[in-house]
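Asker: Before I ask anything, let me first share the structure, which is written out below as structure tokens.
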Amino acid sequence: MKIPVEALTELVSRVLARHGLGEGSAEVVARTIVAAERDGSRSHGLLRVAGYLSSLDCGWVDGRAIPVLRESGPGTLEVDAGNGFAQGALAQAAPTMRAMARRVGCAVMTMRNSHHFAALWPDIEPFAADGLVALTMVNTRSRIVMWGGTRKVLGTNPMAFACPREVRPPIVWDQASSIMSQGEVLVVSAAKGQLPDKVGVDAQGQPTVDPDAVLQGGALLPFGGVKGGSLAFMIEILTAVMGGARFGFEDESGSIPGALTSNAGQFLLLIDPQRFGSASFLERVERLVAHLQGGGTTRLPGDLRYQRRQAAERDGVEVAPAMHEYLETEAGR
């Protein structure tokens, strides 16, 4: 079935609110979930609704959390999300971050005590649409082994980057530090499929293509070998060490029935390119893109998402009847 974007957002928001998420946060989180489904990032779309609800229902996430914001310097903002979802806290921090970036040229936000269970690109695409360069990253519960280790210490630790363009939507990429994200493994598991080789190991540390063996006591591997591990380490430093969030190995969700989200941290950097003496920033971005395309590049990061978005906004978001029935039931309708 195909459901209009706004109607689906209202339905998901109603589901989240019925399970204890505050009204304002429910709409923000719902828009993030539906944006992923709308744009074809289904590993972070409706598939994850059950995880949000489970984490709320068991009390692991505070649905009524009130974020606390503190400007610790001319261009720095500390956010304590109060054990709530990161999207609600970011929505409150965004106006301050925009103002800081315009005022001093750049702004840095660290967030702790938050649960980020969504794709990262919806967090930063709006900033790039306003002409700002944006970089964000989050740490997660321990899920990967790296640098010759035999025990999980760091998470899949994703990061995303967004760059504005002149007349086209921003160039935005979003990637995990692991070969596949946790959400992608969940999609394969739900479809009863198999993983590609060299994506993960089982609980005994042996290579496996069984997604459930990875999810149930196993581990993922970093992309690019030691290089992906290096990025995961950098993200842990910026989020957990500098931001004061929990380390991935300190997250307790694995020991709490129903807790599927990670209580961790987020780092966000915004840069106003016009403050760095490059009035032709957008022109130079287009020149770079033109040379990439001249070199054979046919698709830029985000292009496929924008194509799917255009179709979904015109025709509606494709939703399986079983998923629609599940949402309607959870919404109490």
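The values are calculated or read from the model by the stated rules, or taken from the named source; none is laboratory data. In this text the structure is predicted, and so the values were computed from the model without any measurement. Note that we place each Cβ from the backbone using ideal geometry, even for glycine, and neighbour counts take in every protein chain shown.
Asker: Kindly indicate whether Gly205 is over 18 Å from the mean Cα position of the chain (by Cα), closer than 30 Å to Met109 by Cα and either in a loop (DSSP other than H, G, I, E, B) or modelled with pLDDT under 95 (or both). Talk me through it step by step, then tell me what you get.
Answerer: Values: over 18 Å from the mean Cα position of the chain (by Cα): yes; closer than 30 Å to Met109 by Cα: no; either in a loop (DSSP other than H, G, I, E, B) or modelled with pLDDT under 95 (or both): yes.
No; evaluated as a whole, the condition is false for this residue.
Asker: On the basis of being closer than 30 Å to Val285 by Cβ and buried (at least 16 other Cβ atoms within 10 Å of the Cβ), does Pro211 make the cut?
Answerer: no
Asker: Applying the selection to the range 159-183, what residues are under 16 Å from Gly229 (Cα atoms), of a type in the set (A, V, I, L, M) and assigned to a loop (DSSP other than H, G, I, E, B)?
Answerer: Ala176, Ile179, Met180
Asker: Quick check on my filter: what residues within the range 16-31 are under 18 Å from Asp62 (Cβ atoms) and in a helix (DSSP H, G or I)?
Answerer: Leu16, Ala17, Arg18, Glu23, Gly24, Ser25, Ala26, Glu27, Val28, Val29, Ala30 - these are the residues of the range 16-31 that are under 18 Å from Asp62 (Cβ atoms) and in a helix (DSSP H, G or I).
Asker: Considering each residue of the range 258-291, count those that are over 30 Å from Thr76 (Cβ atoms) and among the small types (Gly, Ala, Ser), and give that number.
Answerer: 3
Asker: Can I ask one more? Mind listing whichever residues of the range 101-124 are part of a helix (DSSP H, G or I) and either surrounded by fewer than 21 Cβ atoms within 10 Å (Cβ to Cβ) or at positive phi (or both)? Quick ask: steps written out before the conclusion?
Answerer: Of the residues in the range 101-124, the ones part of a helix (DSSP H, G or I) are 101-104, 121-124.
Correct list: Arg102, Arg103, Val104.
Asker: If you don't mind, there's one more thing I want to ask. From the residues in the range 1-43 that are hydroxyl-bearing (Ser, Thr, Tyr) and touching a residue at least 60 places away in the same chain (Cβ under 8 Å), which one is nearest to Pro301 (Cα to Cα)?
Answerer: My answer is Ser41.
Asker: From (1) touching a residue at least 24 places away in the same chain (Cβ under 8 Å); (2) small (Gly, Ala, Ser); (3) more than 28 Å from Val138 (Cα to Cα), pick out the condition that doesn't hold for Ala290.
Answerer: Ala290 satisfies every listed condition except (1).
Condition check ((1) part of a loop (DSSP other than H, G, I, E, B); (2) within 24 Å of Asp39 (Cβ to Cβ)) across all residues:
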| site | (1), (2) |
| --- | --- |
| Ala65 | yes, no |
| Glu78 | no, no |
| Gln87 | no, yes |
| Ala99 | no, no |
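Asker: Considering every residue within the range 46-55, establish whether at least one is in a helix (DSSP H, G or I), more than 29 Å from Leu304 (Cα to Cα) and not hydroxyl-bearing (Ser, Thr, Tyr).
Answerer: yes
Asker: Being among the acidic types (Asp, Glu) and in contact with a helix residue (DSSP H, G or I) (Cβ under 7 Å, 6 or more places away or on another chain) is the filter here, so list the residues in the range 260-298 that pass it.
Answerer: Hit for the range 260-298 is Asp272, nothing else.
Asker: Can you name the residue in the range 4-24 that is at pLDDT 95 or above and farther than 16 Å from Ala331 by Cα and, of all such residues, is surrounded by the fewest Cβ atoms within 10 Å (Cβ to Cβ)?
Answerer: It comes out as Pro4.
Asker: For Ala134, state whether it is part of a strand (DSSP E or B) and crowded, with 24+ Cβ neighbours inside 10 Å.
Answerer: When the stated conditions are applied, Ala134 passes them.
Asker: Give, as residue ranges, the helices (runs of 4 or more DSSP H) completely inside the range 242-333 that count at least 2 residues that are at pLDDT below 95. Can you show your working first?
Answerer: Numbers: elements: 281-294, 303-315, 321-330.
Correct list: 281-294.
Asker: Given the condition in contact with a helix residue (DSSP H, G or I) (Cβ under 9 Å, 6 or more places away or on another chain), surrounded by 10 or more Cβ atoms within 10 Å (Cβ to Cβ), within 30 Å of Ser253 (Cα to Cα) and of a type in the set (A, V, I, L, M, F, W, C), answer yes or no: does some residue in the range 299-319 qualify?
Answerer: yes
Asker: Under 6 Å between Cβ atoms, which residue pairs at least 6 apart in sequence (or on different chains) link something in the range 317-330 that is under 16 Å from Ala35 (Cβ atoms) and outside the structural domain of Arg31 (by TED's automatic domain parsing) with a partner that is modelled with pLDDT under 95 and buried (at least 16 other Cβ atoms within 10 Å of the Cβ)?
Answerer: No pair meets every condition.
Asker: Contact list please: Cβ distance under 9 Å, first residue in the range 142-170 and more than 22 Å from Asp251 (Cα to Cα), second residue among the hydroxyl-bearing types (Ser, Thr, Tyr) and buried (at least 20 other Cβ atoms within 10 Å of the Cβ), pairs at least six apart or on different chains.
Answerer: Note: pairs meeting the criteria are Ala160/Thr136; Phe161/Thr136; Ala162/Thr136.
Asker: How many residues does the range 256-275 contain that are small (Gly, Ala, Ser) and more than 17 Å from Asn83 (Cα to Cα)?
Answerer: Residues flagged as small (Gly, Ala, Ser) and more than 17 Å from Asn83 (Cα to Cα) within the range 256-275 amount to 0.
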